[in-house]
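Heads up, the thing below is written out as structure tokens.
Values quoted throughout were computed directly from the atomic coordinates according to the rules given, and no laboratory measurement underlies them. Worth saying up front: this structure is predicted, and the values here are computed from it rather than measured. For neighbour counting, all protein chains shown are included, and Cβ atoms are generated from backbone atoms with ideal geometry for every residue, glycine included.
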């Protein structure tokens with residue numbers, strides 16, 4: 001998936017006229033294709049009044065310099081925010097198929113439901129229908145309800161529902177399924193991944209971005225939309241990420257000082273363009289499916305037969321922090337979870353905890 005690049009340009013056609021003043025355009029580039037859109041300004045700009053520097057495109061000698069610079073910045077910020085939202089909403093094909101399946105089941109239950117029809121009682125009846133009439137497995141019903149929850153959240157964000165209504169809809173809906181085994185990399189596996197050699201340049205990039213996932217607990221697309229404003233510095237401890245998860249509007253705080261290599265990787269792949277709002281250079285990112293395939297290629301080069309996938313970085317991050325003794329409420333804030341119950345599923349007993357707990361018997 002390619003990310004568009006934005007820039008403000010002056011007299012991009014290189015024309016010459018009698019007035020000596022020319023318009024400003026926003027250049028939007030995707031891959032090798034560029035489009036230009038004129039910015040509405042009170043007075044065109046002469047070449048000597050144009051600096052081209054971010055935030056100060058028009059020099060102060062122009063009578064409307066402040067107004068034009070503010071207008072250009074507003075438009076660029078708006079476009080970059082649209083891009084950020086697109087990437088955060090963009091879902092791989094298998095996720096879209098799950099949403100379509102959930103919608104199909106809902107239409108079988110009642111094809112004419114409106115937002116004002118939504119109640120906790122309706123979702124209770126829907127759960128019963130999925131179980132008794134469609135004979136779906138508990139895990140499938142859980143997946144469908146995850147989709148319904150997200151759609152309701154988006155509806156609330158677009159002001160179709162109130163926040164109070166959103167909270168009340170799923171309070172009494174519980175779908176019990178068997179406990180799923182939690183997968184994660186052990187510490188020695190993380191070290192082996194970090195020290196992987198014999199990789200091509202693009203595979204080294206895959207190795208590094210997966211390490212960054214392990215260090216931060218973020219998904220690949222979360223890394224893609226990190227903003228420069230999300231990176232902050234505490235004089236006592238060091239750098240950390242302070243951001244809202246667009247998925248649920250919950251604050252996520254990621255201390256980078258726990259894994260010092262995290263900041264080194266961010267510096268290595270940072271976006272040095274002054275006008276860019278993104279923390280990491282968008283040109284380093286590849287399409288999701290390509291990234292997923294290359295994770296498996298790198299794992300094979302290390303000699304692993306285990307599965308390596310996007311979420312494994314987040315699972316490994318949480319298990320490492322849990323092993324260091326981070327409690328549930330703190331982990332919940334680190335992960336940006338809305339409820340601590342969502343965090344508790346990450347706290348799983350593994351073989352090392354079993355051995356430690358049995359030391360008294362040895």
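Can you order the peptides 14-24, 210-220 by their average number of other Cβ atoms within 10 Å per residue, highest first?
Details: 14-24: 11.4, 210-220: 22.7.
Ranking, from highest mean packing down: 210-220, 14-24.
Taking a quarter of the surface of the Cα convex hull of the range 114-243, what do you get in nm²? Write out the running numbers ahead of the final one.
Values: hull surface 53.6 nm².
So the mean shadow area of the Cα hull is 13.4 nm².
Give, to the nearest whole percent, the P(r) tail of the range 5-89 beyond 18 angstrom, counting all Cα pairs. Please list the in-between numbers first.
Numbers: 1552 of 3570 pairs.
Counting pairs separated by more than 18 Å, the tail of P(r) holds 43 percent.
Percent of Cα-Cα pairs more than 16 Å apart in the range 93-169, please. Mind dumping the intermediate values first?
Values: 1452 of 2926 pairs.
Summing the P(r) of the range 93-169 above 16 Å gives 50 percent of all pairs.
For a footprinting-style exposure proxy, rank 10, 135 by other Cβ within 10 Å, fewest first. Mind dumping the intermediate values first?
Numbers: 10 18, 135 8.
Starting with the residue having the fewest Cβ neighbours, the order is 135, 10.
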